[in-house]
Amino acid sequence: MNRIIVLLAASTLAFPSCKIYSFKDVSIPAEVKSIHIAYLENRARLVNPQLAPQLNDKLRQKITSQASKLTQIQTSDADYDVSGYVSDYNYSTSGIANQQASSNRLSVTVHIIFKNHLDPTGRKVAPADFEADVTRNFDFPATQTIQDFETGQIATVVTNLTDEIFNKLFSNW
């Protein structure tokens, strides 16, 4: 028994690659000083009234804390201009057991529009302009209503979407 414990302890020390990684690979060129973040409105067919305001607040907070060298300004003539909207918000059955729904899935998509206004001569400082959809899925038990899920998990939904949007804007992975 002691031999097994020693082997487990030794194997834990021998494999240092098993660690938690932090993805803070924020890539912002030194020339970039300002960012404008337009209000991301909710244009989805189904609307959770809490989603857009919380998503906007959380995205601004994340950019302030993680990309702190950027000054957020209120006009779209910033070096970087970010806009977009919630384009899809729907839920469906995602799992069936014994011929009944066993789990549901909430899918949320945010369409992001990124514009780089640097260097009017045509030479772009990376990254180039782009549009992209960010989609996150959230599974929950079929015994729970969508309203109950939203009430308990809207913060998780907002945090996951914010992280995904931030990574799309500023990370090189």
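Under the condition of being of a type in the set (A, V, I, L, M, F, W, C) and surrounded by 12 or more Cβ atoms within 10 Å (Cβ to Cβ), which residue from region 124-137 is modelled with the lowest pLDDT? Among those residues, the one meeting the criterion is 125.
Go through 125, 82 for me and flag whichever is touching a residue at least 60 places away in the same chain (Cβ under 8 Å) and either assigned to a strand (DSSP E or B) or not aliphatic (A, V, I, L, M) (or both).
Just one listed residue meets the conditions, 82.
Restricting to region 49-79, give me the number of residues that are in a strand (DSSP E or B) and either β-branched (Val, Ile, Thr) or in contact with a Phe, Trp or Tyr (Cβ under 7 Å, 6 or more places away or on another chain) (or both). Residues in region 49-79 being in a strand (DSSP E or B) and either β-branched (Val, Ile, Thr) or in contact with a Phe, Trp or Tyr (Cβ under 7 Å, 6 or more places away or on another chain) (or both): 1 in total.
Only one of the numbered conditions (1) out of contact with any Asp or Glu (no Cβ under 9 Å at 6 or more places or on another chain); (2) surrounded by fewer than 17 Cβ atoms within 10 Å (Cβ to Cβ); (3) modelled with pLDDT under 95; (4) more than 12 Å from residue 82 (Cβ to Cβ) is not met by residue 155, and that is (3).
Just checking, how many residues over region 133-149 are part of a strand (DSSP E or B) and of a type outside the set (Phe, Trp, Tyr)?
Pass one, region 133-149, residues part of a strand (DSSP E or B): 133-141.
Adding the requirement that they be of a type outside the set (Phe, Trp, Tyr) leaves 133-137, 139, 141.
Qualifying residue count for the region: 7.
If we scan region 138-149, do we find a residue that is crowded, with 16+ Cβ neighbours inside 10 Å and not hydrophobic (A, V, I, L, M, F, W, C)? The answer is no, given that none of the residues of region 138-149 is crowded, with 16+ Cβ neighbours inside 10 Å and not hydrophobic (A, V, I, L, M, F, W, C).
Would it be correct to say that residue 46 is modelled with pLDDT of 90 or more, buried (at least 17 other Cβ atoms within 10 Å of the Cβ) and touching a strand residue (DSSP E or B) at 6+ places or on another chain (Cβ under 8 Å)?
Numbers: modelled with pLDDT of 90 or more: yes; buried (at least 17 other Cβ atoms within 10 Å of the Cβ): no; touching a strand residue (DSSP E or B) at 6+ places or on another chain (Cβ under 8 Å): yes.
No; evaluated as a whole, the condition is false for this residue.
For residue 26, the conditions (1) more than 30 Å from residue 154 (Cα to Cα); (2) at pLDDT below 80; (3) β-branched (Val, Ile, Thr) are fulfilled apart from (1). Beta carbons closer than 6 Å, at least 6 apart along the sequence or on distinct chains, pair a first residue in region 35-48 that is touching a residue at least 24 places away in the same chain (Cβ under 8 Å) with a second that is part of a strand (DSSP E or B) and charged (D, E, K, R) for 36/81; 44/88.
Determine whether residue 102 is closer than 28 Å to residue 26 by Cβ and part of a strand (DSSP E or B). Spelling it out, it is not the case that residue 102 is closer than 28 Å to residue 26 by Cβ and part of a strand (DSSP E or B). If you go through region 88-105 and keep only what is at pLDDT 95 or above and surrounded by 17 or more Cβ atoms within 10 Å (Cβ to Cβ), you end up with just 89. All but one of (1) in contact (Cβ under 8 Å) with a residue 12 or more places away in the chain; (2) under 23 Å from residue 162 (Cα atoms) hold for residue 100; state the number of the condition that does not hold. Residue 100 satisfies every listed condition except (2). Quick check on region 54-71. Is at least one of its residues at pLDDT 85 or above, surrounded by fewer than 17 Cβ atoms within 10 Å (Cβ to Cβ) and over 24 Å from residue 154 (Cα atoms)? Within region 54-71, one or more residues are at pLDDT 85 or above, surrounded by fewer than 17 Cβ atoms within 10 Å (Cβ to Cβ) and over 24 Å from residue 154 (Cα atoms).
The values are calculated or read from the model by the stated rules, or taken from the named source; none is laboratory data. Remember, predicted model here, so these are calculated numbers, not experimental data. In this analysis, Cβ positions are derived from the backbone assuming ideal geometry, glycine residues included, and neighbour counts consider all displayed protein chains.
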